[in-house]
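The values are calculated or read from the model by the stated rules, or taken from the named source; none is laboratory data. Just so it is clear, the model here is predicted, and its values are computed rather than measured. We place every Cβ from the backbone using ideal geometry, glycine too, and count neighbours over all the protein chains shown. SASA here: full protein model, heavy atoms, side chains in, ligands and nucleic acids out. Shrake-Rupley method; radii C 1.70, N 1.55, O 1.52, S 1.80 Å.
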Protein chains: 4
Amino acid sequence: MIIMDTDATQQQIDRVVTEIEGYGLRASVIKGAYRTVIGLVGDEEKIPFDHFAVLPGVKEARMVDIPYKLISREYSKLSRELEKMVVKVGGLEIGAEEPVFIAGPCAVESKEQIFKIAEQVKKAGAHILRGGIFKPRSSVHSFQGLGAGSQEEAEEALDWLRAAGRKFGLPVVTEVRGETQVDLVAEYADILQIGARNMYDQDLLAQVGRKGKPVLYKRHFGAGIEEYLSFSEYIAAEGNKDIILCERGIVPVGKGRSYTRYILDIAAVPVIQKETYLPIMVDPSHATGRRDLIFSMSCAAIAAGASGLMIEAHSNPAEALVDAQQQITPDELKEVIDACRSINKALVAERNKKVGSV
Amino acid sequence: MIIMDTDATQQQIDRVVTEIEGYGLRASVIKGAYRTVIGLVGDEEKIPFDHFAVLPGVKEARMVDIPYKLISREYSKLSRELEKMVVKVGGLEIGAEEPVFIAGPCAVESKEQIFKIAEQVKKAGAHILRGGIFKPRSSVHSFQGLGAGSQEEAEEALDWLRAAGRKFGLPVVTEVRGETQVDLVAEYADILQIGARNMYDQDLLAQVGRKGKPVLYKRHFGAGIEEYLSFSEYIAAEGNKDIILCERGIVPVGKGRSYTRYILDIAAVPVIQKETYLPIMVDPSHATGRRDLIFSMSCAAIAAGASGLMIEAHSNPAEALVDAQQQITPDELKEVIDACRSINKALVAERNKKVGSV
Amino acid sequence: MIIMDTDATQQQIDRVVTEIEGYGLRASVIKGAYRTVIGLVGDEEKIPFDHFAVLPGVKEARMVDIPYKLISREYSKLSRELEKMVVKVGGLEIGAEEPVFIAGPCAVESKEQIFKIAEQVKKAGAHILRGGIFKPRSSVHSFQGLGAGSQEEAEEALDWLRAAGRKFGLPVVTEVRGETQVDLVAEYADILQIGARNMYDQDLLAQVGRKGKPVLYKRHFGAGIEEYLSFSEYIAAEGNKDIILCERGIVPVGKGRSYTRYILDIAAVPVIQKETYLPIMVDPSHATGRRDLIFSMSCAAIAAGASGLMIEAHSNPAEALVDAQQQITPDELKEVIDACRSINKALVAERNKKVGSV
Amino acid sequence: MIIMDTDATQQQIDRVVTEIEGYGLRASVIKGAYRTVIGLVGDEEKIPFDHFAVLPGVKEARMVDIPYKLISREYSKLSRELEKMVVKVGGLEIGAEEPVFIAGPCAVESKEQIFKIAEQVKKAGAHILRGGIFKPRSSVHSFQGLGAGSQEEAEEALDWLRAAGRKFGLPVVTEVRGETQVDLVAEYADILQIGARNMYDQDLLAQVGRKGKPVLYKRHFGAGIEEYLSFSEYIAAEGNKDIILCERGIVPVGKGRSYTRYILDIAAVPVIQKETYLPIMVDPSHATGRRDLIFSMSCAAIAAGASGLMIEAHSNPAEALVDAQQQITPDELKEVIDACRSINKALVAERNKKVGSV
């Protein structure tokens, strides 16, 4: 769609029409009371809107369509009623009726630690084990994860993570921070995680996409939803649609002290479910940065319809090497999971009663 | 607390100390490896931190304490366990275990309309009736509410609202937009609402505070939580602590199109509950601006622990004079209320089981 | 313009068309490859877009036009070349080639103080004297300005301000915080200021608009430019177009400590000049909250094309009762004004050389 | 610094003190009227504040010091008077009195194109040639730069860029998007650019840091200044302090349409100059996304004290393959550079007159 200035001349309008036709589309000119609007009939993706935007007399030039057709619910054959498409990991289904819980320490610290926590989170009801090996950190002076050492050390830590998962029947997920780590991590992990800070790393997205394994893909804290979904097409374009989206908070706004590390954009859950058929999870640990908010934010996420949660849990948060403030104990994790299941059950019962479509 | 520059001189430190003592406090000087920090012993509220911040050698000067002591949970004698303090409206208790639902049209449009909707929302399970008479609107060319006409018209509309409420056993709440409307509105409404756009209007806050009626006080979309709580002290300072806080979304951030009108800051619910003893409600209608998100955001708010919801409902949203996009039907309202009650019940059961303190 | 869902039925399209025609406009239907777009021919202001947005099959319904026609450059007969329209205050022209400087203390504190500062800022090169009498403050426990006392005290302070201005040939501006203060302030001030926190107060805007005096109208820190310009129509709709706009910073975004109180949105200056014919000034004092940034931000604002600056200056910032951190000394003010004039001179010379239209 | 809850017990305070001593620091306890604050004497970097934050009775635990000591002005021996430290590229000095202009097309499109533009920007007064080869793009369906093809094509494009620069006496800068491209790009470019989207890519930062070449390092649009400076330590920690910082806009906030692609945070220029000794440039092209704002934003940036500008220029913007809306013509570039030089000259003259230290 092209919107013209109020004082655009006929000549300027004609030029736009001629150029549109040059791209193989048909232009439909609507002369309004003040402005002329030019609609496009044909495949809008062929049109360089940037080019049209700088033509004389043009006020605005933009696509009417969404820029994420590959993963779009509207362009798929799925119904509007939030019909489910699930991502399968082992026997698990992410995106089905039952919420899925990913839990584990922020970082893998030792063999003993990951085995102990794996056992505990399994007992608490978690389905998937997480544990960071390549840690993105704000300060170069902080612990960067066991992957920061030699190749052997990274591999050893990955092996502990996988072995701990296998022992307790938990698939494992870990973050891959850069292209050079993809092959290695893909050997060990059941799900490859792309962290928020790497959301825009198109080379990494494409490479992970090509591995054909499920991808847990987090939203960047500075990204709008449209941008997030557009970037996920870098994975989908490789033929991999086993993408698990994850909301983990956006940058806080406003003066004065911030009570949470980020703002959990809870409405992103139903919005993304309406826009795409991909499952969307929530990470309350990073979103808030506060262990005392995990319970309420987990309940809220499940009540909003999230397909699951990713929660940081540690046997002894006060001794964790990273992010002690946002890790909870296995006992607390059990309370969270129990409450979420109970809420989901209540919600499913209500949804089954529902006839309208609010 | 005063933090000095790394190269602050002894003379500069001495001056700060002397000035602090001049205000009747004691200064405690801590010489760190790089910086000197000066702690204050005594009543920090006596100290003009702005003044200290511009003294030579000073890097930062700030209160250690919170600026909202009157409404603070920490400064009250309440326990940390989110012990309840309730606001009573008629026989209703806002802030107790059961969530309270406020519903009604965005604007009162006619006598018939408000009576019809009152009956419908009552039947759907609502406890309090809302309806705008003085509408804040973005455009001077839009319908401004029946209160925009003569004094008589405003009074007539207020009378309809109250009568509709009385008939169906619903206390009523309506917004008071300016100081000149307070006396009038207070004659008719059971709860006085201060809208988000007026959050900073200290004269209005003080005047409403003096009326001694419960106040529904909404957070501004550009306000941080600290600022919001500080401004609520303008009401509390008048001796009125029957303040019902309400989260209704903050300004969206990020490039590209916005899928919701505002960002619902769901974590504000537990954060405010930990900071104050006041009840906090959520308004999903304004927060999202989308009727198709009301159900999920209402469920999320209750699951996060909100004391209730304020929802816009209309017999026929497509015919509403304002905000058609964010009003739901009475049938849809019933579904929302039923689901919220069911979630709350599940949550209460889980909380009773909980022993830890996540 | 109405954009339909990809799977909208012909019946749904027909209904939209019929309804549009019912409002006296003509609908122009464009069937694209995926979507149907319906253009409107006629006066879009007659169309309730909210209503259309909730009709079945409709994806998006929005005005193509801008919502601030009264103050729009495009809808006026002015040329695109930023042709000037000026606001006259006494012999001063705001919006002409020479930048105008408003300076004075944050708050009027005493007769002696305001006379002393008036003399100093005049000497430094300022054109207009500012001084707050009704101060908006974040904390109920802070000094609220001399206007917070009795009517007599407010009047006395206003009289000092005007007298100080008259003595040194400076028109005066002061903030009016609520409707009940408008008549009083209009008796004394040459320009009525509406502060950022009151940007949305439509009753105040209308009342100030009716006074027929120039209005200095600040942008709220949570307001987008479109919203800001739309609200200024509340003043313009009263027949008063002597509106001086003022950018004073928007809410900061991002984690971690904020180095400035707000974010100075410097691009708002040229954007607003292109959208409207009203002059736009900048307030670097509130935007940054830091006296050590006033010089550079003032230079930047003038270089960006601002019509002037509003700067807080105090004889002795460290003794100011409010906002000591953001007030500069008269000597520093002189340096700022000299530098700004010098930059403006350089810019005018370059603009005169310019032939293109970057 | 550790701040305790108002009701912290003596036992809880003692535990904190004991643990601090365990890390080899000394604790200094200040008992205030309400709270106890514990200051740390010794090297704060040894303290795991996350750990202390979750101890019982602790309200807040944070470093008093800045997290970017390597690049800090305060920790260097430089004076407060913004004493200059320059980055040298060939005979050029970035960070000295004269502003430096980087210009060129968004993307290298062909040999002919880059030679032609190189000649034109040289003539317009630019000092350094830019041109993207590996383009980060929002959509997988857009042109990704000539580097997206084979290794040979990437190398050929890099060779054109360097050759065009050499022919017209312009050092060249181009973006390196991922670790696998660093070696290749470093062979051809005089300055390695890390784009905004890669700001958080610590592996890339470290690798680029090790190359020992000057780095142009852009701020991410979601990053606070503290975070930006902290991440730049990943480069500095490799022993490379030839870092040129660059502000290019942060995410917009607020409802309604956005008139610029990002918000140019102009105050970041003086703030960063006060915090670090590194030069800071501004990129008005990406910050605004609008060619008609480049002139005013460039002038503002230089007036704010920026060490230079990075501007996208193209012989024929309407034919550019990417970002046509933000590229200006060589003639317009000349106007921008002339105006900036003129403003800088005026500013230097004024600064030389200045005696105070606003």
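Could you tell me whether D:Arg177 is part of a loop (DSSP other than H, G, I, E, B), of a type outside the set (S, T, N, Q) and either under 25 Å from the mean Cα position of the chain (by Cα) or crowded, with 18+ Cβ neighbours inside 10 Å (or both)?
yes
Inside the stretch A:203-223, can you point out the residues that are open to solvent by less than 10 Å² (accessible area, probe 1.4 Å), within 12 Å of chain D (Cβ to nearest Cβ) and under 17 Å from D:Thr180 (Cα atoms)?
Those that are open to solvent by less than 10 Å² (accessible area, probe 1.4 Å), within 12 Å of chain D (Cβ to nearest Cβ) and under 17 Å from D:Thr180 (Cα atoms): A:Leu204, A:Leu205.
Can you give me the number of residues within the stretch B:270-280 that are within 18 Å of B:Gly222 (Cα to Cα) and either over 12 Å from the mean Cα position of the chain (by Cα) or at the interface with chain A (Cβ under 7 Å from one of its Cβ atoms) (or both)?
Number of matching residues: 1.
Taking C:Glu44 and the conditions (1) closer than 16 Å to A:Met63 by Cβ; (2) crowded, with 18+ Cβ neighbours inside 10 Å; (3) in contact (Cβ under 8 Å) with a residue 12 or more places away in the chain, which numbered condition does it fall short on, given that it satisfies the others?
Going through the list (1) closer than 16 Å to A:Met63 by Cβ; (2) crowded, with 18+ Cβ neighbours inside 10 Å; (3) in contact (Cβ under 8 Å) with a residue 12 or more places away in the chain, C:Glu44 breaks only (1).
Any residue that is exposed (fewer than 15 other Cβ atoms within 10 Å of the Cβ) and within 30 Å of C:Ala318 (Cα to Cα) - is there at least one of those in the stretch B:57-69?
The answer is yes; a qualifying residue exists.
Listed here are the residues, each with its yes/no results for (1) in contact (Cβ under 8 Å) with a residue 12 or more places away in the chain; (2) more than 11 Å from the chain's Cα centre (by Cα); (3) more than 13 Å from C:Ile66 (Cβ to Cβ).
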position	(1), (2), (3)
C:Val208	yes, yes, yes
C:Lys211	yes, yes, yes
C:Val215	yes, no, yes
C:Ile225	yes, no, no
C:Ser230	yes, yes, no
C:Ile235	yes, yes, yes
C:Gly239	yes, yes, yes
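Give just the number: which of (1) free of Cβ contacts under 8 Å to residues at least 40 places away in the same chain; (2) open to solvent by less than 10 Å² (accessible area, probe 1.4 Å); (3) at the interface with another protein chain (Cβ under 9 Å from one of its Cβ atoms) does D:Val253 not satisfy?
(2)
Which residues, counting only those in the stretch A:315-330, are modelled with pLDDT under 95 and part of a loop (DSSP other than H, G, I, E, B)?
Listed by number, the residues that qualify are A:Ser315, A:Asn316, A:Ala320, A:Leu321, A:Val322, A:Asp323, A:Gln327.
For the stretch D:1-82, give me every one of the strands (runs of 3 or more DSSP E) that falls completely inside it and has 2 or more residues that are more than 7 Å from chain B (Cβ to nearest Cβ) and within 34 Å of the chain's Cα centre (by Cα).
Correct list: D:58-61.
Across the stretch B:142-167, what is the total count of residues that are crowded, with 17+ Cβ neighbours inside 10 Å and basic (Lys, Arg)?
1
Are any of the residues in the stretch A:21-31 in contact (Cβ under 8 Å) with a residue 40 or more places away in the chain and hydrophobic (A, V, I, L, M, F, W, C)?
no
Looking at the stretch D:128-141, is at least one residue open to solvent by 10 Å² or more (accessible area, probe 1.4 Å) and in a helix (DSSP H, G or I)?
No: the stretch D:128-141 contains no residue that is open to solvent by 10 Å² or more (accessible area, probe 1.4 Å) and in a helix (DSSP H, G or I).
Output the residues belonging to the stretch A:83-108 that are out of contact with any helix residue (DSSP H, G or I) (no Cβ under 6 Å at 6 or more places or on another chain), part of a loop (DSSP other than H, G, I, E, B), of a type in the set (A, V, I, L, M, F, W, C) and open to solvent by less than 40 Å² (accessible area, probe 1.4 Å).
Within the stretch A:83-108, A:Ala96, A:Cys106 qualify.
With respect to the numbered conditions (1) open to solvent by 30 Å² or more (accessible area, probe 1.4 Å); (2) at the interface with chain D (Cβ under 7 Å from one of its Cβ atoms); (3) among the polar types (S, T, N, Q), which one is the sole condition not fulfilled by C:Thr260?
C:Thr260 satisfies all of (1) open to solvent by 30 Å² or more (accessible area, probe 1.4 Å); (2) at the interface with chain D (Cβ under 7 Å from one of its Cβ atoms); (3) among the polar types (S, T, N, Q) except (1).
Among what's in the stretch C:237-249 and is more than 8 Å from chain B (Cβ to nearest Cβ) and not charged (D, E, K, R), pick the residue that is nearest to D:Gly222 (Cα to Cα).
Checked the stretch C:237-249; the qualifying residue nearest to D:Gly222 (Cα to Cα) is C:Gly249.
Among the residues that make up the stretch A:281-294, is at least one of them hydroxyl-bearing (Ser, Thr, Tyr), part of a loop (DSSP other than H, G, I, E, B) and within 8 Å of chain B (Cβ to nearest Cβ)?
Within the stretch A:281-294, the first condition is being hydroxyl-bearing (Ser, Thr, Tyr), and the residues that meet it are A:285, A:288.
Narrowing the set further to residues that are part of a loop (DSSP other than H, G, I, E, B) leaves none.
No.
For the stretch D:247-274, which positions are farther than 22 Å from C:Ser230 by Cβ, β-branched (Val, Ile, Thr) and assigned to a strand (DSSP E or B)?
From the stretch D:247-274, those farther than 22 Å from C:Ser230 by Cβ are D:247-251, D:262, D:264-274; that's our starting set.
Right, trim to β-branched (Val, Ile, Thr) and you get D:250-251, D:266, D:269, D:271-272.
Correct list: D:Ile250 only.
Identify, please: which residue in the stretch C:9-41 is within 24 Å of B:Asp323 (Cβ to Cβ) and in contact with a Lys or Arg (Cβ under 8 Å, 6 or more places away or on another chain) and is, among those, surrounded by the fewest Cβ atoms within 10 Å (Cβ to Cβ)?
Going through the qualifying residues, I end up with C:Gly24.
Restricting attention to the stretch D:333-349, which residues are touching a strand residue (DSSP E or B) at 6+ places or on another chain (Cβ under 8 Å) and aliphatic (A, V, I, L, M)?
D:Leu333, D:Val336, D:Ile337
Every residue in the stretch A:204-246 that is among the β-branched types (Val, Ile, Thr), part of a helix (DSSP H, G or I) and under 14 Å from D:Val140 (Cβ atoms), please.
Scanning the stretch A:204-246 gives A:Val208, A:Ile235.
Output the number of the condition that A:Glu119 fails; it satisfies all remaining conditions of (1) more than 17 Å from A:Pro270 (Cβ to Cβ); (2) in a loop (DSSP other than H, G, I, E, B).
(2)
Residues in the stretch B:308-345 that are farther than 26 Å from B:Ser138 by Cβ, of a type in the set (Gly, Ala, Ser) and open to solvent by 10 Å² or more (accessible area, probe 1.4 Å): how many?
Final tally of qualifying residues: 1.
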